[in-house]
1. Against the condition aromatic (F, W, Y) and either surrounded by fewer than 16 Cβ atoms within 10 Å (Cβ to Cβ) or within 14 Å of R196 (Cβ to Cβ) (or both), how does Y114 come out, does it pass?
2. Just to check your reading of the model, which residue among G224, G272 is assigned by TED's automatic domain parsing to the domain that holds R120, modelled with pLDDT of 95 or more and out of contact with any Pro (no Cβ under 7 Å at 6 or more places or on another chain)?
3. Between residues in the stretch 233-248 that are within 12 Å of Y206 (Cβ to Cβ) and residues that are part of a loop (DSSP other than H, G, I, E, B) and acidic (D, E), which pairs lie under 9 Å by C-beta distance while being six or more apart or on different chains?
4. Mind checking which residues of the stretch 164-197 are assigned to a loop (DSSP other than H, G, I, E, B) and either at pLDDT 95 or above or polar (S, T, N, Q) (or both)?
5. Somewhere in the stretch 199-207, is a residue assigned by TED's automatic domain parsing to the domain that holds V122 and at pLDDT 95 or above?
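The values are calculated or read from the model by the stated rules, or taken from the named source; none is laboratory data. These figures come from a predicted structure and were not determined experimentally. Cβ coordinates were reconstructed from backbone atoms using ideal geometry, including for glycine residues, and neighbour counts include every protein chain displayed.
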Amino acid sequence: MRKFLLFCAATLGLAATAQTPVAMGDVTGDGQIDIADVNAVINVMLGKASSDGLVTASDVTGDGQVDIADVNNVINIMLGKVQPGDVFARLEADMVTVEGGTFDMGTPGGVAPYSHAWERPVHAVTLLSFKVCRYEVTQELWQAVMGSNPSAFEGERRPVEMVSWADAQAFVKKLAEKTGKPYRLLTEAEWEYAARGGQQQSAALYAGGDDLAQVAWTAANAGGETHPVGQLQPNALGLYDMSGNVLEWIQDTHADTYAVWPAANVWQVEGGDPVVRGGSWRWGGNYCRTTWRGYFPATTANSYLGLRLACDINL
């Protein structure tokens with residue numbers, strides 16, 4: 001049974017999330033984390049056990065449902081892949097593989113009435129496989145790397161904000177020094193490809209569906225502040241908050257048209273303002289579209305600007 005579960009975890013590419021303390025892997029409450037806890041979660045997931053206490057304990061990821069992600073969480077805890085306080089190990093576990101492919105990047109005419117000219121023309125882009133984090137960079141991770149927390153809305157599991165693009169570059173450089181692994185920002189093409197579901201490109205307006213309230217914290221539902229990462233519905237790749245919560249800095253700089261964009265992974269240009277993607281708690285739904293793009297000067301820092309990590313596939 002254990003070998004089967006490990007095979008499932010490896011095949012599905014699921015990993016322990018950073019939302020839950022390791023102690024919560026003790027689903028049965030017997031003081032240890034073992035195969036009995038894995039079986040307990042599976043029984044709840046399959047509807048074979050339904051006591052309130054067991055259901056609550058089985059939601060190890062804290063996302064309001066019991067599924068294979070909770071099973072995989074317990075397995076990773078049991079195998080010692082995630083340790084209490086090991087924020088870097090949890091980050092690595094949260095990296096999702098996005099299989100490469102070719103997709104049509106940009107906003108088709110007539111799809112969004114408030115789209116910009118720089119979201120067009122729609123053009124084919126081919127990407128190699130890469131990894132992206134399930135969550136926006138949290139204040140917990142930023143604090144562990146930088147030794148400080150600049151955020152206006154404090155909370156370990158809230159996304160870090162009040163960070164400029166220049167701050168983000170300093171962060172990924174220091175993170176690489178601490179971990180020995182070349183984490184980086186997403187390219188703009190990678191961001192849109194991942195937000196829309198990778199190889200299974202979705203036609204939905206937002207990352208995760210067309211019901212904005214189900215997938216994004218915006219001016220309509222956020223109550224004027226950020227929220228802990230991973231609380232709303234993810235997209236098909238299991239990525240949270242690609243729409244809403246905080247805008248995400250992108251590695252690339254802005255171009256006024258996609259007509260000059262190459263059919264490859266990165267739009268490389270010296271100078272110019274860095275791109276942001278994804279919308280935020282402060283703005284409305286139009287900015288949360290998966291094809292929306294904006295830009296700010298690299299020194300801009302405010303409470304709706306954050307970031308998400310990526311890395312090459314060999315990490």
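1. On the way: aromatic (F, W, Y): yes; either surrounded by fewer than 16 Cβ atoms within 10 Å (Cβ to Cβ) or within 14 Å of R196 (Cβ to Cβ) (or both): yes.
Yes; evaluated as a whole, the condition is true for this residue.
2. G224 is the lone residue from the list that is assigned by TED's automatic domain parsing to the domain that holds R120, modelled with pLDDT of 95 or more and out of contact with any Pro (no Cβ under 7 Å at 6 or more places or on another chain).
3. As it stands, the answer is Q233/D211; P234/D63; P234/D241, since those pairs meet every condition given.
4. So in the stretch 164-197, the residues assigned to a loop (DSSP other than H, G, I, E, B) come out as 164, 180-183, 186-187, 196-197.
Those that are assigned to a loop (DSSP other than H, G, I, E, B) and either at pLDDT 95 or above or polar (S, T, N, Q) (or both): S164, Y183, L186, T187, R196, G197.
5. Step one: of the stretch 199-207, the residues assigned by TED's automatic domain parsing to the domain that holds V122 are 199-207.
Next, from what is left, pick out any that are at pLDDT 95 or above: 206-207.
For the stretch 199-207, residues assigned by TED's automatic domain parsing to the domain that holds V122 and at pLDDT 95 or above: present.
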